[in-house]
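The structure appears below as structure tokens.
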């Protein structure tokens, strides 16, 4: 997306704002989350990756290099086989207990002087033991620290997080003749005037 919607940039800049990004696989949720972290907060944030390793993340999005410090990326994946060697990324496992997971995110935010936390995606966390309470604890952390929170959620349907979020955007994709048209629909925009209900962009 060439220009981020002002509803998102204005709201998130306030601090303590909770944005939910919804959409099916391949609609651009990760890209949008990373763009917000990079452009709105100039990389001053923490990215919690639950689906792919940090190494894969920087490979898939090479433009992140120089924009996001690798030490601000938390590896929250739950690999069946432990990595062969330790790398510079922080590792947190919600399967080892929700309190220690939340404490780890708090420490990472404090050390990075973060203005935003991006959790991509919440589905992988919520499916684990103790994971159902994770969104509530993360939102509490966001409000206490005054740090905005961006959560990606797979799927477009109604969710338990809808009433907790300050803002909700839904991403959709339709392809015609090899060209994909993606749309961003602003479903909820608390505290910020909604100028448009939808935005269209191509990749």
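In the range 124-140, the condition of being buried (at least 17 other Cβ atoms within 10 Å of the Cβ), farther than 19 Å from residue 11 by Cβ, touching a helix residue (DSSP H, G or I) at 6+ places or on another chain (Cβ under 6 Å) and in contact (Cβ under 8 Å) with a residue 60 or more places away in the chain is met by at least one residue.
The criterion of at least 1 residues that are closer than 20 Å to residue 121 by Cβ is met, among strands (runs of 3 or more DSSP E) falling completely within the range 146-203, by 148-154, 167-176, 179-189. Taken over the range 3-29, the criterion of being closer than 18 Å to residue 161 by Cα and assigned to a loop (DSSP other than H, G, I, E, B) is satisfied by 16, 17, 24. For the range 42-51, a residue qualifies if it is surrounded by fewer than 21 Cβ atoms within 10 Å (Cβ to Cβ), touching a helix residue (DSSP H, G or I) at 6+ places or on another chain (Cβ under 8 Å) and over 19 Å from residue 126 (Cα atoms), and the qualifying residues are 43, 44. Across the range 6-18, a minimum of one residue is classified as at pLDDT 95 or above and under 12 Å from the mean Cα position of the chain (by Cα). Selection over the range 158-184 of residues that are free of Cβ contacts under 8 Å to residues at least 60 places away in the same chain and closer than 19 Å to residue 28 by Cβ gives a count of 8.
Just one of the listed residues (120, 166) is under 20 Å from residue 95 (Cα atoms), buried (at least 20 other Cβ atoms within 10 Å of the Cβ) and touching a strand residue (DSSP E or B) at 6+ places or on another chain (Cβ under 9 Å), namely 120.
The values are calculated or read from the model by the stated rules, or taken from the named source; none is laboratory data. Here the structure is a predicted model, which means the values were calculated and not measured. FYI the Cβ positions are ideal-geometry reconstructions off the backbone, even for glycines, and counts take in every protein chain you see.
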